[in-house]
Amino acid sequence: MPKQFLLNADGSIPANVNVQALQDAGIPLVMPTPMPRQSGMVAVEQEPQQIDGVWRQVWTLEPAPEPEITDEVN
């Protein structure tokens, strides 16, 4: 995952953020998106995508792994 900086949910930049330093380092300002939820699935964050000139956080849903069952008792 490349470096990214998540903005506030409303798209504003958090206080005391050095935007110029982020831009100089090539770190995009990314609009967060809600993490999807679905029974039996886990959300996995992907590379951000630029849509209409705005970088956006991207999620995919993948099947949840089966829990490991052990006989160990603590």
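Read the figures in this text as sums done on the coordinates, not as results from a lab. No experiment lies behind these values; they were computed from the predicted model shown. All Cβ positions, even for glycine, are placed from backbone atoms using ideal geometry, and neighbour counts span all protein chains on display.
With equal scatterers on the alpha carbons only and no solvent term, can you work out the Debye log10 of I(q)/I(0) for the range 5-62 at 0.18, 0.19, 0.20, 0.28 1/Å? Relative scattering, expressed as log10 I(q)/I(0), comes to -0.68, -0.74, -0.79, -1.16.
Highest GNM mean-square fluctuation, the chain, Cα pairs closer than 10 Å: which of P28, P48, P14? It is P14.
For the chain, GluC sites (Glu not before Pro) are listed when DSSP marks them as loop and at most 11 other Cβ atoms sit within 10 Å of their Cβ; the list is E68, E72.
Where does the chain land at 222 nm, in deg cm²/dmol rounded to the nearest 500, when only DSSP H runs of n ≥ 4 count, each adding -39500 (n - 2.57), divided by all residues? Value at 222 nm, helices only, nearest 500: -2000 deg cm²/dmol. By DSSP, the beta bridges lying fully in the chain are antiparallel in about 65 percent of cases.
Each Lys and Arg adds +1 at its Cβ and each Asp and Glu adds -1 at its Cβ; summed about the Cα centre, the range 5-62 shows a dipole of about 120 debye. For P32, what is the net charge nearby, where nearby means another residue's Cβ is under 13 Å from its Cβ and Lys, Arg count +1, Asp, Glu -1? Net charge around P32: -1.
When the trypsin sites (Lys or Arg not before Pro) in the chain are filtered for DSSP coil states and for at most 16 other beta-carbon atoms within 10 Å of their beta-carbon, the remaining sites are K3, R37.
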